[in-house]
1. How many angstrom separate the Cα center of the range 120-160 from the Cα center of the range 65-109?
2. Spelling out what I want: for every residue of the range 194-209, take phi, set θ = phi - 60°, compute 6.51 cos²θ - 1.76 cosθ + 1.60 (Karplus), and round to whole Hz; glycine and proline get x.
3. For the range 175-275, state which GluC sites (Glu not before Pro) are in a DSSP loop and have at most 12 other beta carbons lying within 10 Å of their beta carbon.
4. Applying the Karplus parametrisation 6.51 cos²θ - 1.76 cosθ + 1.60 with θ = phi - 60° to the phi angles of the range 176-185, what ³J(HN,Hα) value in whole Hz is obtained for each residue in order, glycine and proline being reported as x?
5. Name the residues whose placed amide hydrogens come within less than 5 Å of the amide hydrogen of Q250, ignoring near sequence neighbours (fewer than 5 apart) on the same chain.
6. Enumerate the calculated ³J(HN,Hα) couplings along the range 353-365 in order (Karplus 6.51 cos²θ - 1.76 cosθ + 1.60, θ = phi - 60°), each rounded to whole Hz, writing x wherever the residue is Gly or Pro.
7. If we count every other residue with Cβ under 11 angstrom of G51's Cβ, Lys/Arg +1 and Asp/Glu -1, where does the sum land?
8. Rounded to the nearest 0.05, what FRET efficiency is calculated for E365 and I329 with R0 set to 35 Å and r the Cβ-Cβ distance?
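Laboratory data are not the source of any read-out in this text; all were calculated from the coordinates shown. Predicted model, so just to flag it, every value in this text is computed and none were measured. Cβ coordinates were reconstructed from backbone atoms using ideal geometry, including for glycine residues, and neighbour counts include every protein chain displayed.
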Amino acid sequence: MRPIVRQRQTVGSDGAKWAGAATRNTNSLSLRALRKEFRAKGGGRVVGLAGMDISLSAGEMLVLLGPSGCGKSTTLRCVAGLETPDEGQIAFGETLVFDAGKRVDVPSEQRDIGMVFQNFALWPHMTVRQIVEFPLKTRKLRRPERESRVETSLCLVDCEELADRYPGQLSGGQQQRVALARALVARPTVLLFDEPLSNLDAGLRSDLRGEIRRLHRAAGFTGIYVTHDQVEALAVADRIAVMRLGQIVQIGAPRDIYEQPANEWVAGFMGFTNRLPASSDRRPDRDGAAGDRSGIFRFRPEAVSISTLEEGRPDSLVFRGEITDVAFIGSGYEYHVMVGDTRLEAIAPAELVSTLDLTLEPGLELEFVVAGKDVLTFADGETERSAADESRAGGESTTTDLPAAVVLAKR
């Protein structure tokens with residue numbers, strides 16, 4: 001059995017206050033060469049984490065983003081002490097909480113973390129006040145300090161008027177706010193979010209995304225946030241780490257991840273869902289430079305426009321296709337276009353369709369254009385890129401001939 005090193009920060013009654021003039025958490029977080037494997041049926045092994053390396057600055061919110069099974073929740077559970085890695089190190093600031101080589105494994109309850117779960121995990125027999133106070137009781141704080149902190153935390157999430165209600169008397173959004181207050185009340189070294197908004201409807205998700213961002217600015221905690229929702233990640237992150245197959249594929253600021261994906265797999269995951277192989281004599285390029293005849297074009301549905309004869313299209317991707325289905329989505333029309341055997345997605349604003357005096361319907365054949373600045377080009381068969389400060393794994397890339405209808409407009 002591993003010996004337990006019991007190290008955690010002491011929570012004292014003279015801790016810094018949060019509301020209003022917030023203080024900044026002084027604790028960073030680092031993961032080094034973290035590896036975790038799981039036993040598969042039949043006796044094999046499945047890699048959950050393949051040598052994870054990452055560091056968070058004090059007060060930073062890092063979002064782990066990726067598809068199901070990529071290792072996001074495994075990373076979070078390892079940081080929380082709910083999973084034991086096979087290799088590597090985890091440190092909160094200068095405090096080592098896990099080291100496989102030195103056989104250090106601080107138990108979860110001593111890691112000074114707060115956690116917001118997907119299912120809220122509110123005890124039905126307790127009032128909101130009792131639920132939020134519970135972490136402070138386990139830390140044996142005196143009653144006046146507990147009451148002060150509970151009041152502060154409930155005010156931070158605008159739930160002070162709910163203090164005497166039970167979870168069954170709260171809406172989903174109110175329950176999530178209470179879960180946030182409970183996680184914040186002990187002023188943890190690290191706050192962990194395990195897909196906290198996935199069980200809420202779209203309107204509440206939008207509201208609480210902003211609430212979490214506001215709380216992060218107010219409290220200044222160091223946080224790791226797990227989600228598979230790109231919009232959610234962009235809204236709450238200081239940095240985003242895109243994960244795939246237990247590795248970090250790309251890490252950077254939200255805008256960099258959104259606009260400059262490291263490879264074709266990240267581009268597809270971040271919304272560049274349309275894919276066409278390039279075989280023309282020119283290709284669109286952000287700087288207007290000519291390209292070669294090979295490669296893969298990636299572009300977003302909202303970048304596709306219906307072409308008109310009047311517009312000039314230097315360095316643009318132009319193709320003819322047949323509309324196969326159309327759906328009205330309020331602000332415009334979502335439709336699909338078949339270009340040869342390739343099915344593309346497109347979104348047309350209602351104003352544009354009205355201006356062009358068009359009726360979008362299945363069977364209609366039109367010319368479409370995508371501005372060169374909105375097209376990313378990747379090498380055919382590209383599987384990965386690397387950088388000194390990033391661990392990146394690329395996506396598979398299969399190609400077919402570009403339909404003859406697809407050309408690139410020349411100057």
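1. 27 Å
2. 9, 6, x, 10, 5, 8, 9, 6, 4, x, 5, 4, 4, 5, 6, 4
3. Values: sites: E211, E232, E259, E264; in loops: none.
Passing sites in the range 175-275 do not exist.
4. Couplings: 5, 5, 5, 4, 5, 4, 4, 5, 7, 4 Hz.
5. Counting only residues 5 or more places away or on other chains, the set is V242.
6. So the J values, rounded to whole Hz, are 4, 5, 5, 7, 6, 10, 10, 6, 8, x, x, 6, 10.
7. On the way: positive: R32, R35, K36; negative: D53, D86, E87.
Residues near G51 contribute 0 overall.
8. Values: r = 22 Å, r/R0 = 0.64.
Using R0 = 35 Å, I get an efficiency of 0.95.
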